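The block underneath contains the structure these notes are about, expressed in structure tokens.
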Amino acid sequence: MAHTPANSALRKARELRGWSQDYVAKHIGAPSSNYISRWERGETVPSPFYRQKLCCLFGKNAQELGFVQVQKETPSEGPSGDSELTPATDSAPSREQEGRKSVSGRNPLWFTRPMPSRLGALLLVFLVVSSLVLSWLYLSLTSPTRIWPSLQYNLHVRSPAVVTLQYMLKARGYDLGPSGVDGVYGPMTQNAIRAFQEASHVSQTNGVDNPTWEDLILPSEEGSRGSQVQALQVQLNAHRLVTPAMVVDGDFGPATEQAVRQFQQINHLPVTGKADRDVWCLLVGGRISKPLL
């Protein structure tokens, strides 16, 4: 066998860092410092397993550590290394590969991860997204939908639905001007609606649509007090559910609850005695669409 030159590149890299042979052996998992000594003298070369460890430890590739020139002339030692004489560049990263691995701080394992693992991850994401979409579609087809009446600026008509609208605005602290709750959709009501839509991040329109109703309505139940209860009592009186008519005092008491229960029973709603959005939608002249499935 021809004489093999010493691996000065490996030795210089080690000495430049002030590391002993024992230190290098310990950090790559070699049995003893004799391994490092033989590699530096050129008697043997590291197996692919140790070449990879050395490249990672020194931050260099196999060529920079002097393995490429001598690997075909000398035996390699280490795990699976007695008969493994293939070029170290097959297993050690090149500068180009190292550059790709360090882009944006990405994990190098991403580039070496087996293709089936990535396909499995993508398939899992697809299944989760598909499940969510199907669930949403099922709920859309099987859940009732409230369709509220559309209200717009009109100085010539007094509407019970506008009365409710104004009471709800009043309950939320919006100024309706000197006319107060009069059932007329005028300038003050229009200004209050636009201010509410802006504050609630609802699309501003020229009137009151479904999204505005959904956010504006304040549900109530026994014990509730305020303008929203006044609106409820006015609407229940308009539907002539109790005789004599209730006093519009803004106090949700037993009489108000009984009237709500009667309204729910007549309209085939769950009889809870609570004025939720389903109750309100029907009270102001809207409707609840039936599920498609």
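Some observations on this one:
- Within the range 249-293: backbone nitrogen closer than 11 Å to the Asn237 label point (7 Å, Cα to C-beta): 249-250
- Each of Phe58, Trp39, Asn7 was placed along the dipole of the range 1-67 (beta-carbon charges, centred on the mean Cα), and the one lying farthest toward the positive end is Phe58.
- The packing ranking, built from the mean of other Cβ atoms within 10 Å per residue, places the peptides 213-221, 125-133 in the order 213-221, 125-133, highest first.
- Hz values of 3J(HN,Hα) by residue in the range 30-36 - Karplus curve (6.51, -1.76, 1.60), Gly and Pro given as x: 6, x, 7, 6, 4, 4, 5
- A full extension of the chain between His201 and Lys12 corresponds to an added length of 61.3 nm, given 0.36 nm per residue minus the alpha carbon distance.
- FRET efficiency, 1/(1 + (r/R0)^6) with R0 22 Å, evaluated for Ala255 and Gln190 via beta carbons: 0.05
- Karplus 3J(HN,Hα) series, Hz, for the range 227-240 with 6.51 cos²θ - 1.76 cosθ + 1.60 (x for Gly, Pro): 5, 5, 6, 4, 4, 5, 5, 4, 5, 5, 4, 5, 8, 6
- Taking the Cα centre of the range 146-289 as reference, the dipole from Cβ charges on Lys and Arg (+1) and Asp and Glu (-1) amounts to some 260 debye.
- Taking a point 7 Å out from the Cα of Arg158 in the direction of its Cβ, the residues of the range 183-207 whose backbone N falls within less than 19 Å of it are 183-190.
- Residues Asp175 and Ile147, FRET efficiency given R0 of 25 Å [Cβ-Cβ distance, rounded to 0.05]: 0.25
We did not get these values from a lab; they are worked out from the coordinates using the rules stated. Since we're looking at a predicted model, the values are computed, not measured. No Cβ is skipped: glycine too gets one built from the backbone with ideal geometry, and neighbour counts run over all protein chains shown.
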